[in-house]
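Working notes, beginning with the structure itself.
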Amino acid sequence: MSTAPATIDGPLLTADGVPLKASLEKSLRRSKLRALLLVAPPLLFLIFLFVIPIGNMLTRSVDDKLINNVLPQTFEAFEAWDKESEPSEAMFEALYNDLKSAEKTDIGKASVRMNYALPGWRSLVKRTARKIKKMEPPYKEAFVKADDRWLDNTYWLSLGIMKDKRTLGYYWNAIDRTYDFDKNVIHQPDERKVYNLLWWRTILVSILVTIACLILAYPVAYLLATLPMRISNLLMICVLMPFWTSLLVRIVAWMIMLQQNGVVNDTLVAAGIISDDNRLAMMYNFNGTIIVMTQILLPFMILPIYSVMKTIPPSLMKAAQNLGATPTLAFIRVYMPQTIPGIGAGCILVFIVAIGYYITPELVGGKDGRLIGNMVAYHMQRSLNWGLAAAMGTILLGVILLFYWVYDKIIGIDNMKMG
Amino acid sequence: MPSENSLVRFVDIQKSYDGDALVVKNLNLDVAKGEFLTMLGPSGSGKTTCLMMLAGFEPATHGEIFLNEHPINRVPPHKRGIGMVFQNYALFPHMTVAENLAFPLEVRNIDKSEREQRVNRALDMVQLGAFGDRRPAQLSGGQAQRVAVARSLVFDPDLVLMDEPLGALDKNLREQMQYEIKHIHENLGLTVVYVTHDQSEALTMSNRIAVFDDGIIQQCDPPPVLYEEPNNAFVAGFIGENNRFVGKVVEEDGDVVKVEVDNNVGTVIAKKVNVGGIGSRSTLSLRPERVTVNPEPGSLPNIFSGLAEELIYLGDHIRTRFTVLGHDDFIVKIPNSAVHAHLKEGDTVNIGWNAEDCRALDPSD
């Protein structure tokens, strides 16, 4: 024992008197820096292409700023209104000022937004905006002259839905609900109910596809894991081949197979199993979506299960039989429980991909094979209701996280093996 | 072994995997009740295949295996009631130790209270009473090994097979486990068929050892017989250390032969064991501990001069390498005692041995 560097209470010191902690920090700094550099590209990638877009989606789904920026005075005048009497001159003046000072494109966007709250707003605003330059006070008469719907209180009342800068309206819309003029949540009228059906169908399709994949994948994975290398390699190529083929090519192949005059129907008719005028409808409906999605997502199930099965030593099955279990019992009691991590990983992978699927249902789903993903695409590309699309996307994300959480509770994420 | 006493009987067993080569060639072997029989041999000699056929995981290509005098070729593994300890233990990773042990009882529909009792008894037997709730992954190699042994015994089989069960353990633990398995065997009166490629393990544990090579049992005898009286050159070489000379029989007198060592370096008098008449070739085998250094002249039939090439001090004995009769790999174990003159490298001394310690065997390749 030479000179003891540290007292009992004081911090530990190195030989030259620097505190041990500081010295350790210094010696590790370089390696920490290097680790940070290595992780930087994927981190930046993640931030720019994942965190920011998702954050953007989340804000968009509740954002209602635009309309408030375009019509600030109108909303002020609206607040002062008693909601029962006829709209006052002050309200029209406020609206006039807002429309006059706003950019034309903003008015267009705002009118689209207003149309979501109450159909008719868009044409009303457009027609009025066209004449706004020639208007002179009193504005109420000028407005009514431009379009007599301005006397209809419902339009004015609907402003109440839009007066806040944040709204949950898109979320309510996404599950077939809407606000009444007092911002109470009510059901959409029956003829406008579309999304709930699609949500349930999406979840049903995802579950059915997951189950179908599991049933089809399990034996294949078992063969892959247990057959001799030469044969299993060949089988593996058969599994991966579709994976390497363009999605569209595969879908078109399925169209050829499954359509009314397709290969499957022709064969069944020729074999006399079904009559010619009773051909099965396997395409452009619910069945088509299920069949094609199952085929496309099958490798996502096979690979994780296979990778888990590969690690199970064959001696365990022998041991189980040696201990008196029939081969079936040995399989159920010893082999299957050990494949659960692979089953879990495969199921969650297939389910997550399936629940957001879009291209396959679009092409082969027909009318009753459409999923919520198609609705998101529709609102992104056609109706341009990005708020609603974002709300749907966020709900999808929530559903996935919910299933993930359930999975974690039941099986445990630590047990998951992706392969 | 009288056959009414035998628990296992291999009759004319042949086994081929590919239809081209025989892995097991015409095996006939009886295992007596209560016996500890070891199948010993280099890898690829067919010993594990024999064990797998006995357990039912490989069908015999030809011949019949009898268990308690019943042919079992068509009995599936789960109906044979044979315990087995696998090479890598084959414990079920998703079950606790107690669940692993209860598994064979569960599939036999033994009720829960008795199951627990027997599991506890088996765990106590291998001194793991407190480990019932652990998972196999939480056990050390030695503990996993004991659980595997306990699991193979928990359903009271008459016969237990062990396939190189100690291969994955380090040396000390392996020796300890050898004694434990031996004691369990003795205490329970089990019949054990044990497969290993480690000769010292086989010598320690077995009642009888069947030495396998090339799909044939070369010799099947108790350990002392096997060591002292090997029947052929392979067994002599595989079990223990031996010095060998290759030569030609030049004289024959009862069970003593004179063999002229190749290259005309001398003639050795040896015991005739497994060799033809005059003119046939032979391998002479001599254990290193049966060689005397500086014998009285005339006291031994074989006395030659040897040049000490290398001395290795091993504590209780000194391992010395000589050049004798033109062979520079002649090993002698000289006991480390005061009566022995201490050799130095480069010394030339006389060394000799008895005719009956030197066995004239078949010519090896």
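The values are calculated or read from the model by the stated rules, or taken from the named source; none is laboratory data. Please read all numbers here as calculations on a predicted model, not as lab measurements. Counting neighbours? That spans all protein chains shown, and the Cβs are built from the backbone with ideal geometry, glycine included. Surface accessibility is based on the protein's heavy atoms, side chains included, excluding ligands, DNA and RNA. Shrake-Rupley method; radii C 1.70, N 1.55, O 1.52, S 1.80 Å.
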Determine if the stretch B:80-96 includes at least one residue that is open to solvent by less than 60 Å² (accessible area, probe 1.4 Å), more than 10 Å from chain A (Cβ to nearest Cβ) and over 22 Å from B:Thr191 (Cβ atoms). yes
Is it the case, given these coordinates, that B:Val8 is assigned by TED's automatic domain parsing to the domain that holds B:Phe131, in contact with a helix residue (DSSP H, G or I) (Cβ under 8 Å, 6 or more places away or on another chain) and open to solvent by 10 Å² or more (accessible area, probe 1.4 Å)? no
The lone exception for B:Glu116 - which of (1) open to solvent by 30 Å² or more (accessible area, probe 1.4 Å); (2) over 16 Å from B:Leu51 (Cβ atoms); (3) within 8 Å of chain A (Cβ to nearest Cβ) it fails: (3)
Within the stretch B:280-297, tally of residues that are of a type outside the set (Ser, Thr, Tyr) and outside any strand (DSSP E or B): 9
Quick one: A:Tyr284 ticks every box in (1) open to solvent by less than 30 Å² (accessible area, probe 1.4 Å); (2) more than 10 Å from chain B (Cβ to nearest Cβ) except a single one, so which number is it? (1)
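In the stretch B:212-279, which strands (runs of 3 or more DSSP E) lie fully inside it and hold 1 or more residues that are assigned by TED's automatic domain parsing to the domain that holds B:Thr323 and of a type in the set (Val, Ile, Thr)?
Per the criteria, B:243-253, B:256-261, B:266-272.
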Report yes if some residue within the stretch A:83-90 is part of a helix (DSSP H, G or I) and modelled with pLDDT of 90 or more; otherwise report no. no
What residue, among those in the stretch B:327-352 that are β-branched (Val, Ile, Thr) and open to solvent by 70 Å² or more (accessible area, probe 1.4 Å), is farthest from B:Lys271 (Cα to Cα)? B:Val339
Mind checking which residues of the stretch B:97-122 are out of contact with any Lys or Arg (no Cβ under 7 Å at 6 or more places or on another chain) and of a type in the set (Val, Ile, Thr)? B:Val107, B:Ile110, B:Val119
For the stretch A:123-141, does any single residue satisfy the condition of being in contact with a helix residue (DSSP H, G or I) (Cβ under 8 Å, 6 or more places away or on another chain), under 23 Å from A:Gly393 (Cα atoms) and either among the hydrophobic types (A, V, I, L, M, F, W, C) or part of a loop (DSSP other than H, G, I, E, B) (or both)? no
Cβ-Cβ under 6 Å, sequence separation 6+ or interchain: first residue in the stretch B:190-212 and more than 21 Å from B:Gly44 (Cα to Cα), partner among the basic types (Lys, Arg). Which pairs? B:Thr191/B:Lys33; B:Met205/B:Lys182
Set B:Leu123, B:Leu159, B:Leu166: member being within 14 Å of chain A (Cβ to nearest Cβ) and buried (at least 20 other Cβ atoms within 10 Å of the Cβ): B:Leu159
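In this structure, is A:Thr267 surrounded by fewer than 16 Cβ atoms within 10 Å (Cβ to Cβ), among the hydroxyl-bearing types (Ser, Thr, Tyr) and either outside any helix (DSSP H, G or I) or outside the structural domain of A:Gln73 (by TED's automatic domain parsing) (or both)?
yes
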Is it fair to say A:Leu303 is in a helix (DSSP H, G or I), of a type outside the set (Phe, Trp, Tyr), open to solvent by 10 Å² or more (accessible area, probe 1.4 Å) and at pLDDT 90 or above? yes
Among the residues of the stretch B:97-113, what is the count of those that are open to solvent by less than 80 Å² (accessible area, probe 1.4 Å) and part of a loop (DSSP other than H, G, I, E, B)? 2
Anything in the stretch B:92-106 that is in contact with a Leu (Cβ under 8 Å, 6 or more places away or on another chain) and within 20 Å of B:Leu161 (Cα to Cα)? List them, or say none. B:Phe92, B:Asn100, B:Leu101, B:Phe103, B:Pro104
Kindly check whether there is at least one residue in the stretch B:314-326 that is modelled with pLDDT of 85 or more, surrounded by 15 or more Cβ atoms within 10 Å (Cβ to Cβ), within 30 Å of B:Gly276 (Cα to Cα) and hydroxyl-bearing (Ser, Thr, Tyr). yes
Apart from one, (1) touching a helix residue (DSSP H, G or I) at 6+ places or on another chain (Cβ under 9 Å); (2) of a type in the set (Ser, Thr, Tyr); (3) in a helix (DSSP H, G or I) all hold for A:Tyr284; the odd one out is (3)
Given the condition assigned by TED's automatic domain parsing to the domain that holds A:Tyr357, under 30 Å from A:Pro314 (Cα atoms) and of a type in the set (A, V, I, L, M), answer yes or no: does some residue in the stretch A:278-297 qualify? yes
Count of residues meeting criterion [free of Cβ contacts under 8 Å to residues at least 60 places away in the same chain, away from every other protein chain (no Cβ under 14 Å) and part of a loop (DSSP other than H, G, I, E, B)] in the stretch B:60-79: 4
Contact list please: Cβ distance under 8 Å, first residue in the stretch A:124-153 and in contact (Cβ under 8 Å) with a residue 60 or more places away in the chain, second residue assigned to a helix (DSSP H, G or I), pairs at least six apart or on different chains. A:Trp150/A:Phe92; A:Trp150/A:Leu124; A:Trp150/A:Thr128; A:Trp150/A:Lys140; A:Trp150/A:Phe143; A:Trp150/A:Val144; A:Leu151/A:Val144
Between a first residue in the stretch A:42-63 that is farther than 21 Å from A:Lys165 by Cα and a second residue that is of a type in the set (A, V, I, L, M, F, W, C), which pairs have beta carbons less than 9 Å apart while being 6 or more apart in sequence or on different chains? A:Leu43/A:Leu36
What number of residues within the stretch B:279-321 satisfy the criterion of being more than 32 Å from the chain's Cα centre (by Cα), over 14 Å from B:Thr348 (Cβ atoms) and small (Gly, Ala, Ser)? 3
For the stretch A:314-386, give me every one of the helices (runs of 4 or more DSSP H) that falls completely inside it and has 2 or more residues that are more than 8 Å from every other protein chain (Cβ to nearest Cβ) and open to solvent by less than 30 Å² (accessible area, probe 1.4 Å). A:336-355, A:359-364, A:372-381
For the stretch A:150-179, name all the residues that are of a type in the set (A, V, I, L, M, F, W, C) and either crowded, with 20+ Cβ neighbours inside 10 Å or part of a helix (DSSP H, G or I) (or both). A:Trp150, A:Leu151, A:Trp156, A:Leu157, A:Leu159, A:Ile161, A:Met162, A:Trp172, A:Ala174
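Has the stretch A:264-275 got at least one residue that is out of contact with any helix residue (DSSP H, G or I) (no Cβ under 6 Å at 6 or more places or on another chain), of a type in the set (Val, Ile, Thr) and modelled with pLDDT under 90? Even if it seems obvious, please write down each step before you answer.
So the first thing to find is which residues in the stretch A:264-275 are out of contact with any helix residue (DSSP H, G or I) (no Cβ under 6 Å at 6 or more places or on another chain), and the list is A:265-268, A:270-273, A:275.
Filter again for of a type in the set (Val, Ile, Thr), leaving A:267, A:273.
Add one more test, that the residue is modelled with pLDDT under 90, and what stays is A:273.
Yes - at least one qualifying residue is present in the stretch A:264-275.
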Looking only at residues that are open to solvent by 30 Å² or more (accessible area, probe 1.4 Å) and among the aromatic types (Phe, Trp, Tyr) in the stretch A:180-217, which one is nearest to A:Met236 (Cα to Cα)? A:Trp200
